[in-house]
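Here's the structure we're looking at; comments come further down.
Here, each number is a calculation from the coordinates, and none is a lab measurement. Just so it is clear, the model here is predicted, and its values are computed rather than measured. FYI the Cβ positions are ideal-geometry reconstructions off the backbone, even for glycines, and counts take in every protein chain you see.
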Amino acid sequence: MIEVVIDSVRVSLMTQHRLVVLKDLNSERYLTIFIDAAVAEAITNELHQQKTPRPMTHDLLHDIIRELGGTVLHVLINKVQRDIYFARIVLESEGREVDIDSRSSDAIALAVRAQVPIYVDARVMERVAMSPDAHVIAEDEDEEEEIAVDEGRLSVFTDFVNTLKLDENEDDES
């Protein structure tokens, strides 16, 4: 099992779907999981300690586990199949360990509330985790190179901007 932390909750620019980015605590590997908007909001609210007027589903689940004498120990993202991630919620109840099947997003939302570790099976990390490319990191570290600007191609815009009489327009509106 590899421990991960929530790096971020984002919106995909390509699809507008939400995703959670998990980072391996011991390396520069990242795991990206698409999640629905409601769970993304639930995770984000808890990370920012924003409380809702009434308990949300993950708050309710956490409260029920506690009221019944259970304790969430950790969550484990244990499988990926056709881009669908599967998870297990591991809790202790009445002296025994209970392992419950869960959607990965729900398990993560519960882990945030219970303040417990999030783990990913090593086989899942090996199969789908991403690392930043070495050449991308090297480019970011290089000094910025100067970009040549073709002033001739921009002259049409310069001429247009110079014809604007912004002060006169402001007087007309008064």
| message | Tell me the relative contact order for the range 2-134 as a rounded percent, counting alpha carbon contacts under 8 Å between residues six or more apart. | response | 26 percent
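Where Lys and Arg each count +1 and Asp and Glu each count -1, what net charge lies around S104 among other residues with Cβ under 10 Å from its Cβ?
After counting each charged neighbour, the total is +2.
Quick check on the range 2-134: take the gyration tensor over C-alpha atoms, sort the square-rooted eigenvalues as a ≥ b ≥ c, and tell me if it's rounded (a/c under 1.5), prolate or oblate. It would help to have the intermediate numbers written out before the result.
Working: a/c = 1.98, a/b = 1.30, b/c = 1.52.
The shape class here is oblate.
What order do you get for 57-65, 113-121, 77-85, 95-103 when each peptide is scored by the mean count of other beta carbon atoms within 10 Å, highest first?
On the way: 57-65: 16.7, 113-121: 19.2, 77-85: 14.7, 95-103: 12.0.
The most tightly packed comes first, giving 113-121, 57-65, 77-85, 95-103.
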